[in-house]
1. Filter the stretch 90-113 down to residues that are in a loop (DSSP other than H, G, I, E, B) and without any contact (Cβ under 8 Å) to a residue 24 or more places away in the chain and give me whichever is farthest from residue 134 (Cα to Cα).
């Protein structure tokens with residue numbers, strides 16, 4: 001009887017030991033696939049969500065920054081208008097922000113977001129601001145018409161509104177004004193000699209309105225001016 005009982009006990013022990021590793025393996029698989037993967041998915045989701053929120057905040061900040069820049073531009077425009085008023089008594093002059101030694105010519109921009117707001121600037125693209133020293137200007141409003149341009153007048157040492165002139169060198173006939181010249185509206189020599197962009201022209205400083213008053217122009221000291 002003792003031999004039979006001992007054999008039975010040994011058989012039960014073998015069965016119980018063989019079932020333990022199988023259960024442990026199943027639990028381990030559940031932890032790896034069921035526990036690890038969901039945690040990664042949650043973290044990824046939180047990461048993306050946080051990123052979107054930061055981007056949203058950043059966008060809002062950028063928007064505010066843009067608004068501030070716009071406000072500063074408006075302030076600069078206001079301050080520049082004040083400085084331009086100092087060179088014009090009746091207020092019929094455009095703002096002007098042309099730096100010294102500008103050789104590229106002047107152009108008008110109506111964009112209030114420019115560094116100094118709307119006004120006349122040198123065409124060389126040089127950045128100007130409130131710390132820049134500007135040339136004197138006396139540019140009457142309306143100088144953006146086809147027959148006018150802004151030029152530097154040496155006698156008055158200022159930028160002024162002038163009428164375009166395409167008077168070739170050696171002109172011995174009285175120049176006249178026309179709206180249908182080969183180079184557009186402006187003053188031409190009346191000898192009917194054809195001129196183009198390659199033609200050499202006499203210097204001219206004919207102030208705006210000269211063609212309307214009918215007084216004509218004269219050649220004095222190497223330059224054409226209004227009579």
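1. Out of the qualifying residues, it is 90.
One line per residue, one yes/no per condition, for (1) farther than 16 Å from residue 93 by Cα; (2) assigned to a loop (DSSP other than H, G, I, E, B):
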| site | (1), (2) |
| --- | --- |
| 121 | no, no |
| 151 | no, no |
| 181 | yes, yes |
| 196 | yes, yes |
| 205 | yes, no |
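FYI, it's all coordinate maths here, none of it is from the lab. In this text, all values refer to a predicted model and were calculated from it rather than measured experimentally. Note: ideal-geometry Cβ built from the backbone for every residue, glycine included; neighbour counts use all protein chains shown.
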